[in-house]
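Enquirer: There's a structure below that I have some questions on.
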Amino acid sequence: MLKIENLHAEIDGKKILNGLSLEVNAGEIHAIMGPNGAGKSTLAYVLGGRPGYEVTEGSVTFDGQDLLDLAPHERASAGMFLGFQYPVEIPGVSNVQFLREALNSQRKYRGEEPLSGGEFLKLAKEKAGLLKLDMEMLKRNVNVGFSGGEKKRAEMVQMGILDPQFAVLDETDSGLDIDALRTVGEGINSIMRTPEKSVLLITHYQRLLDYVKPDKVHVLAKGRIVTSGGPELALQLENEGYETVAA
Ligand code: ADP
Ligand code: MG
Ligand code: MG
C-alpha cells in the first residue's frame, strides 16, 4: 500500500529526513515512535505534500502511484488522510460545511456523485456518535474554542467521514485524558482496522498502543528508521527510553 524508499527531505535547506525507508501493507497498522525532533512530523508533512518540505532523494509509492507526483488534494482524493499534531482553527467555517465540502470534492475527483445535505448529515451523525462528539460541536466553527480532546475527536470524525485508505496520524494522543484516549483509540480501530486499510500511527507514548494494537513498531531517530519490531518494542522503549534502544 505505501512504500517509502531512501527518503531524504529538507526544510529551508535544513536536512531533516535522512534515508528513511518503510513499507506498510494493506491491513496493517504501524507505529512510529522516536525522540523529539527526530523528524516524525516532517515525515507526516512530506506524505501530505505540505509546501516548504522539499524531497531531495528517494521515492514514495502509494497504491501503485508515485505519491510525490500528486498535489496535496490529489493525495487526499486518492485516499491518504493526515491527522495533525496541532489541528488548525478555521473561523467562519463550520465543521459540517468544511467536511461536506471536503468529502464532495474528493468524491468528484473520484468520479462519484456528491452527497446531498441530508445524506451528509446522516453520515456525520453516525461518525460523531462513534467518537462520542456532540453534533452541536460539528455545527461550530472548525476547532475554534475546542479543547485539545475535542479537536482530536473532531479530527477522527473527519477521518470517519472521509473514509481514507491510509491514515497518517501525528500524535493523535497528545493532550488526551484517559477517557478521550480510549474513545479516540476505539474510533481509530472501528474506522481503520479493516483488511483494506492501513495506518501510520506517530506517537511519543506507548499508552495509545494499548488501545490500537500495532502490527509493527519503528523507531525514527535523526531522520531515519533505526530499529523495527513488534508491539513489544513499544513497551521496551517505554521502560528503557530511546537512548538505549535506538543507540
Ligand atoms: P518530531 O515530530 O519528531 O518531534 P519534527 O519533524 O517536528 O520532529 O522536526 C524535526 C526537526 O526539524 C527538528 O530539529 C525541528 O527543529 C526541525 N524543523 C521543523 N520544522 C522546521 C522549519 N520550518 N524550519 C527549520 N527546521 C525545522
Ligand atoms: Mg514533537
Ligand atoms: Mg512532531
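The values are calculated or read from the model by the stated rules, or taken from the named source; none is laboratory data. This structure is a prediction, so every number in the text was calculated from the model and none was measured. Here Cβ is always computed from backbone atoms with ideal geometry, including for glycine, and neighbour counts include all displayed protein chains. With ligands, DNA and RNA removed, areas are computed over all heavy atoms of the protein, side chains included. Shrake-Rupley method; radii C 1.70, N 1.55, O 1.52, S 1.80 Å.
Enquirer: In debye, nearest 20: dipole of the chain around its Cα centre with unit charges on the Cβ of K, R (+) and D, E (-)?
Expert: Dipole of the chain, to the nearest 20 debye: 420 debye.
Enquirer: What ranking, highest mean first, results for peptides 75-81, 193-199 when packing means the other Cβ atoms within 10 Å averaged over each residue?
Expert: Packing order, densest peptide first, comes out as 75-81, 193-199.
Enquirer: Just to confirm the number: angle between the C-alpha axis of helix 95-109 and the first principal axis of the chain, 0 to 90 degrees, nearest 10?
Expert: Computed tilt is about 80 degrees.
Enquirer: Estimate the FRET efficiency between E196 and V93 by the formula 1/(1 + (r/R0)^6), using the beta-carbon distance for r and 22 Å for R0, to the nearest 0.05.
Expert: 0.10
Enquirer: May I pose another question? So what is the 222 nm mean residue ellipticity for the chain from helices alone, if each DSSP H run of at least 4 adds -39500 (n - 2.57) and you divide by all residues, rounding to the nearest 500 deg cm²/dmol?
Expert: -11500 deg cm²/dmol
Enquirer: In straight Cα distance, which lysines are under 29 Å from K213, not counting same-chain residues fewer than 8 positions off?
Expert: K3, K40, K125, K127, K132, K151, K152, K197, K222
Enquirer: Let me ask something else about it. Where does each of 208-214, 162-168 land if you order them by average Cβ count within 10 Å, highest first?
Expert: 162-168, 208-214
Enquirer: While we're looking at this one, here's another question. Where only protein heavy atoms count, and the probe is 1.4 Å, what is the accessible area per residue for the chain in Å²?
Expert: Normalised by residue count, the accessible surface of the chain is 46 Å².
Enquirer: Something else now. Enumerate the amide H contacts of V199 below 5 Å, restricted to partners 5 or more residues apart or on another chain; note that Pro and chain-start residues carry no placed amide H.
Expert: Amide H to amide H, under 5 Å and 5 or more residues apart or across chains, V199 pairs with E28, I29, H30, A167.
Enquirer: Rounded to the nearest 20 Debye, what is the dipole magnitude of segment 29-156 about its Cα centre when Lys and Arg each give +1 and Asp and Glu each give -1 at the C-beta?
Expert: Using Cβ point charges on Lys, Arg, Asp and Glu, segment 29-156 gives about 520 debye.
Enquirer: Contour minus end-to-end for L235 and L121, with contour as 0.36 nm per residue of separation and end-to-end as the Cα-Cα distance?
Expert: Result for the pair: 37.0 nm of gain on full extension.
Enquirer: Let me ask another. Tell me which residues come under 5 Å, amide H to amide H, from G19 once H is placed; ignore anything under 5 positions away on its chain.
Expert: The answer is L7, H8, A9.
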